[in-house]
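For reference, the structure discussed in these notes is given below.
The values are calculated or read from the model by the stated rules, or taken from the named source; none is laboratory data. Note that the structure is predicted; figures quoted are calculated from it, not measured. Note that we place each Cβ from the backbone using ideal geometry, even for glycine, and neighbour counts take in every protein chain shown. Remember, those area values only see protein heavy atoms, side chains included, never the ligands or the DNA or RNA. Shrake-Rupley method; radii C 1.70, N 1.55, O 1.52, S 1.80 Å.
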Amino acid sequence: MRYYLGNCEYKWTHKNTQMEIIWVRREIGEDIFKTVESNDWKWTFLRSESQTMPSDLYCRCDIYVDLPSSKEATLFVLKYPRARLVEVL
């Protein structure tokens with residue numbers, strides 16, 4: 001099950017670096033980030049051209065987490081109601 005957590009914008013040069021993780025952590029918050037990491041759930045970052053900044057320098061990153069169907073996943077959604085279930089095609 002995939003859940004949308006938010007989005008952020010940063011330079012394309014930060015893609016797949018530690019700076020990208022810093023931007024993601026800043027956007028979604030430390031608590032959610034630590035919960036996902038401690039459960040070893042999979043992050044999915046969908047990148048596209050920025051809508052507000054020069055798109056040749058900046059990207060928009062939509063932040064998703066893939067959760068297994070489990071009790072922990074159910075508790076995650078109850079604890080973080082801003083997480084939105086999305087359909088994976």
So residue 82, is it out of contact with any helix residue (DSSP H, G or I) (no Cβ under 7 Å at 6 or more places or on another chain), on the phi < 0 side of the Ramachandran plot and of a type in the set (D, E, K, R): yes
Residue in the stretch 36-55 that is part of a helix (DSSP H, G or I) and within 21 Å of residue 8 (Cα to Cα) present: yes
Single condition residue 76 does not satisfy, out of (1) without any contact (Cβ under 8 Å) to a residue 12 or more places away in the chain; (2) buried (at least 17 other Cβ atoms within 10 Å of the Cβ): (1)
Complete set of residues in the stretch 1-54 that are within 10 Å of the chain's Cα centre (by Cα), among the hydroxyl-bearing types (Ser, Thr, Tyr) and open to solvent by 50 Å² or more (accessible area, probe 1.4 Å): 4
Residue 64 vs. criteria more than 15 Å from the chain's Cα centre (by Cα) and open to solvent by less than 100 Å² (accessible area, probe 1.4 Å): no
